[in-house]
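Data block below; observations after.
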Amino acid sequence: MNKEILVEGLTKTYNVTTNIQTVLDNVDLCIYKGELVALMGASGCGKTTLLKILSGMSEPTKGDVYLRGERVDYSSKKKRLSIRREIVSYIPQTYSLIDEKTIFENTIISVRKKEYKENYYEKVYDILEYLGLDNKAESFPPFLSSGEKQRVTIARALVDDKEIILADEPTGSLDEKNAQNVVWRLKSLAHEYGKTIIMATHDEEMANMCDRKIYMSYGKIKEEK
Amino acid sequence: MLGLIIREVVFSIRKNKILLFILMIQLLAVSIFFRVRDNISFSDDLSLPNGEECEEATYRIIDELVGPAESEFFSHSDAIMRLRVMNNMLKNQDNFSYLEIYDNPCVIISPLIKDEMLDLYESGDTEMNQMIYNGRVTNEVKCLWVDLEAVDYYRLKCQKGSFWDDGNNKSFLPIVLGSDYKDIFSIGDIVDGYSPFDGEIKYIVNGFLEKGAFCMYHGSVKNLDRYVVAPLIKLSNEKSDEENDAFQDRIYHLFKVNGVIISKDSLQRVDEVIKEICDECGITPASTVILESDTQNKVIEQKKEYMGNLLNLLIVSSLIFSIVSVLIFPHIYIGRNRQYFNILWDNGFSLLEVNAIVCITLSIPLILCVMICGKMLWLLIILLIVTCVELRVIN
């Protein structure tokens, strides 16, 4: 199996006044293609920091990250941005939807790829249909359930057709039914479309639906199941 | 990124339904203002003086010498003489001024005459005004026959050359041309043509009117740019006994008694005077006087123009308001929306790009606004000045 994400000795520290705070401590990780991995741990254990480093929003203090076999160069902002532009889709904790835009418009809000000029609308509608949102395309976010809103953010991540999806607690604000629905969609994305997905969560039940669970504690990988 | 910017601009305009509503209202208002402006009409009654004394008004004389009445009148051997006496009496009245003015086409022989100058251009029958006679193009063009009193009264001025004077030679009929003729003729040109009083004739171009010269004639403003202004003078012998000349004499003298009267008297009083003159001259049925009230018409025209300009101001203001509303305000929303920043940032847009998108989506409409509104503001200022001047004139 292809090692889609490989993390070796990743360390992230912050200088808080005179104290050095270690958020990630020598993390090693390997995620394979088509896998849905749950990143578990209590709040403040470093899940979000890890995802932010993997998506290029933040740079590590030490260690290496390999995405799709290539070592990530964190030396410049431009190179870090190219991670999110080309390889990684990031789904934030909050819905990040603009209430005044329709679901369709929210989905395509950040699209800039030229290839979407051809069959552009069909592709977007296919994605919305896949996520069960096709009949909501012209609706506005305030009229959607929280589960549907989260699925819109997933749709936005899929529109760019990137191979790796990093979801930061996508089920955090959802009820059980909606949360299960979202995880089920992510799982089918991984298995049917070969997307590699890391989902940060602290919900054991949701994590059980994933292919693998990685537990983090105080910036370290504690256990993998 | 350009596509994204365009998408955002279109979105922000489309999504602001209240602003779109305002725009619709404004456009509706603008179209109503336009319609009202184009149809400002004042009742004719407004121009009728009711009292015995009124401000100086203009009255029009229309003879009733048509059909059997005409035949009966001209069966008298001294008919022309009677008309001549009537003309003299009209000119020598103490209680009113009499202006000889008559709108009737004349013929100019030239291949250079434009269709707009032809008498029937407005009715679309220009082919009736143009014919080739003896291999030469004859054109029946708009012509205003006037005496110098009428020229003075209507303040007609030449931009080049001058009007004729009473001592003009009798070989050529001096004419002053509207400004549209400038490209065709020059001062001093001798132009072949026909006049209704003299038949074949040679005109001499004495001058050109100022651009936009006009006069009130039979209740409407007549723009003289395409007109020939000719003196109501008969070059040939006025006492000719030949039948053809006699007919031309009739026309000439009828023109001379169908002018306008400037008086401070009421319609009834002027009508009485005209009837007295007609009775004295033995012209029956008596001529009829119809009130035109040029002076009042001028005021009404000024008021119309003033109202029109006021409406123009409303139109321009509405458009400025609409454009500012629709183009600027929606973009403030984009600039203030943090979610928008976050989404773009999460999807690999750099801070520079995000800022550029927001700045451009804001600045494009702003630039458009400045360009359009700047032009409109300039128009607004001009309109304001014109309106103020007109208001002062009216007052």
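The values are calculated or read from the model by the stated rules, or taken from the named source; none is laboratory data. Treat the numbers as computed from the prediction; the structure is a model and nothing was measured. Note that we place each Cβ from the backbone using ideal geometry, even for glycine, and neighbour counts take in every protein chain shown.
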Taking region A:190-208 only, how many residues are in contact (Cβ under 8 Å) with a residue 60 or more places away in the chain and either at positive phi or not polar (S, T, N, Q) (or both)? 12
The one condition in (1) at pLDDT 80 or above; (2) within 13 Å of chain B (Cβ to nearest Cβ); (3) surrounded by fewer than 16 Cβ atoms within 10 Å (Cβ to Cβ) that A:ILE108 fails to fulfil: (3)
Counting only residues that are surrounded by fewer than 17 Cβ atoms within 10 Å (Cβ to Cβ) and assigned to a loop (DSSP other than H, G, I, E, B), how many does region B:185-197 have? 4
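For region A:31-71, what are the residues that are within 14 Å of chain B (Cβ to nearest Cβ) and in a strand (DSSP E or B)?
Across region A:31-71, the qualifying residue is only A:LEU67.
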Grab the helices (runs of 4 or more DSSP H) fully contained in region B:64-176, keeping just those with 2 or more residues being closer than 22 Å to B:PRO231 by Cα. B:79-91, B:148-153
Single unsatisfied condition, A:THR94 versus (1) crowded, with 16+ Cβ neighbours inside 10 Å; (2) within 14 Å of chain B (Cβ to nearest Cβ); (3) within 26 Å of A:GLU204 (Cβ to Cβ): (1)
Matching option when the condition is within 29 Å of A:SER110 (Cα to Cα), surrounded by 16 or more Cβ atoms within 10 Å (Cβ to Cβ) and touching an Asp or Glu at 6+ places or on another chain (Cβ under 6 Å), among A:LYS33, A:LYS47, A:LYS52: A:LYS33
Within region A:184-208, residues of a type outside the set (D, E, K, R) and closer than 19 Å to A:LYS33 by Cβ come out as A:LEU186, A:SER188, A:LEU189, A:ALA190, A:HIS191, A:TYR193, A:GLY194, A:THR196, A:ILE197, A:ILE198, A:MET199
Determine the pairs where a residue that is closer than 18 Å to B:LYS222 by Cα, located within region B:104-116, has a partner that is assigned to a loop (DSSP other than H, G, I, E, B) and charged (D, E, K, R) with Cβ atoms under 7 Å apart, the partner being 6 or more residues away or on another chain. B:PRO105/B:ASP119; B:PRO105/B:LYS142; B:GLU116/B:ARG226
Index of the failed condition, B:VAL141 passing every other in (1) surrounded by fewer than 18 Cβ atoms within 10 Å (Cβ to Cβ); (2) closer than 18 Å to B:ASP180 by Cα; (3) among the β-branched types (Val, Ile, Thr): (1)
Scan (1) in contact (Cβ under 8 Å) with a residue 40 or more places away in the chain; (2) within 17 Å of the chain's Cα centre (by Cα) for the single condition B:ARG155 breaks and write down its number. (1)
State all residues of region A:135-171 that are part of a helix (DSSP H, G or I) and of a type in the set (D, E, K, R); if no residue qualifies, say none. A:LYS136, A:GLU148, A:LYS149, A:ARG151, A:ARG156
Would you check which residues across region A:74-89 are surrounded by 20 or more Cβ atoms within 10 Å (Cβ to Cβ) and either more than 7 Å from chain B (Cβ to nearest Cβ) or among the polar types (S, T, N, Q) (or both) and list them? A:ARG80, A:ILE83, A:ILE87, A:VAL88, A:SER89
For A:ASN178, the lone unmet condition from (1) more than 14 Å from chain B (Cβ to nearest Cβ); (2) touching a helix residue (DSSP H, G or I) at 6+ places or on another chain (Cβ under 6 Å); (3) under 19 Å from A:LEU36 (Cα atoms); (4) modelled with pLDDT of 85 or more is (4)
Among the candidates A:GLY132, A:GLY147, single out the residue that is within 22 Å of B:ASN342 (Cα to Cα) and more than 13 Å from chain B (Cβ to nearest Cβ). A:GLY147
Hey, B:ASN95 hits all of (1) at pLDDT below 65; (2) more than 14 Å from every other protein chain (Cβ to nearest Cβ) but one; which does it fall short on? (1)
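Scan region A:143-154 and tell me whether some residue there is over 25 Å from B:VAL354 (Cα atoms), among the aromatic types (Phe, Trp, Tyr) and surrounded by fewer than 18 Cβ atoms within 10 Å (Cβ to Cβ).
Yes: one or more hits.
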Would you point out which residue out of A:TYR130, A:TYR125, A:TYR95, A:TYR66 is closer than 30 Å to A:VAL7 by Cβ, modelled with pLDDT of 85 or more and of a type in the set (Ser, Thr, Tyr)? A:TYR66
